[in-house]
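Structure record follows, encoded as structure tokens.
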Amino acid sequence: SPARKRKPPPSSTANSPQQPHQVKKLPKLAYHVFPVTKLREMCKKEGLNSSGDKKQLEMRHKEFTTRVNGIVEYGRVPDFAAIAREVNREEARKAGAGAKARMFNTVATNKEKAAADAARTDNETFARLIEEVRSRQQKQVRRQSSEPPPNNDDVEEDDNEDGDEEDDDFEVLPLSQAQPKYVTSSDDDDDDYDV
């Protein structure tokens, strides 16, 4: 036989349109006002777990209320027992996950400590190496300033073809520290430029 469609139940008044059973939202409560015994009683009445301290009881009942009100806002009739089972199951899962996390937290903490120690050692090594480089640079600068410039009188250079005598006692600096020196060319006047 073909599938039959269900007929809606007859309404109390024949002329009024069919309206679903309206369930009111649960009120928001000021949980801080209630003693622990009252909270336990409220949880037990809704089918929730009634063990734990005041904070746990408050959170449990708030979660239940939020879920019920969400279903009512959606326009459906909530199944209070099913919602209570979901809340209890979710809380048990979180508690189990928390226990596992606490168990493995010591391992994670030890790994974190080892990583922090390694980073501290790396930072100390880096600081020591930087200090060694600075120390070597300072020693090199002191040596250069305390040593007399080399005597170039022994070496004859044929760079000076014009016969002009230039100052042979000059220090050779790296390009980054050297100041530009003006070099005369054949295009310039015969005037000497000492810049």
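One table, with the values for the structure above:
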{"quantity": "Computed label-point distance, nm, for sites Thr121 and Thr37 using a 7 Å Cα→Cβ extension", "calculated": "6.1"}
{"quantity": "For Ile130, solvent-accessible area (1.4 Å; no DNA, RNA or ligand), Å²", "calculated": "60"}
{"quantity": "Accessible surface, 1.4 Å probe, highest first, among residues Ser146, Ser135", "calculated": "Ser146, Ser135"}
{"quantity": "Accessible area in the full protein assembly, largest first, 1.4 Å probe, for Arg128, Arg40, Arg60", "calculated": "Arg128, Arg40, Arg60"}
{"quantity": "Surrounding net charge for Pro78, when Lys and Arg each add one and Asp and Glu each subtract one, Cβ distance under 12 Å", "calculated": "0"}
{"quantity": "Surface accessible to a 1.4 Å probe, Thr66 within the full protein complex, Å²", "calculated": "90"}
{"quantity": "Over 21 Å (Cα to Cα) - which of Lys28/Lys94; Lys28/Lys54; Lys38/Lys94; Lys55/Lys94; Lys55/Lys111 fall in this group", "calculated": "Lys28/Lys94; Lys38/Lys94; Lys55/Lys111"}
{"quantity": "Solvent accessible area, Å² - Glu131, 1.4 Å probe, full protein context", "calculated": "110"}
{"quantity": "Order of exposure, largest accessible area first, which applies to Phe64, Phe34, Phe80, Phe126 with probe 1.4 Å", "calculated": "Phe126, Phe80, Phe34, Phe64"}
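The values are calculated or read from the model by the stated rules, or taken from the named source; none is laboratory data. Values in this document were obtained by computation on a predicted structure and should not be read as measured data. Because the Cβ atoms are built from the backbone with ideal geometry, glycine has one as well, and the counts that use them run over all protein chains shown. Keep in mind that these areas ignore ligands, DNA and RNA; they rest on the heavy atoms of the full protein, side chains included. Shrake-Rupley method; radii C 1.70, N 1.55, O 1.52, S 1.80 Å.
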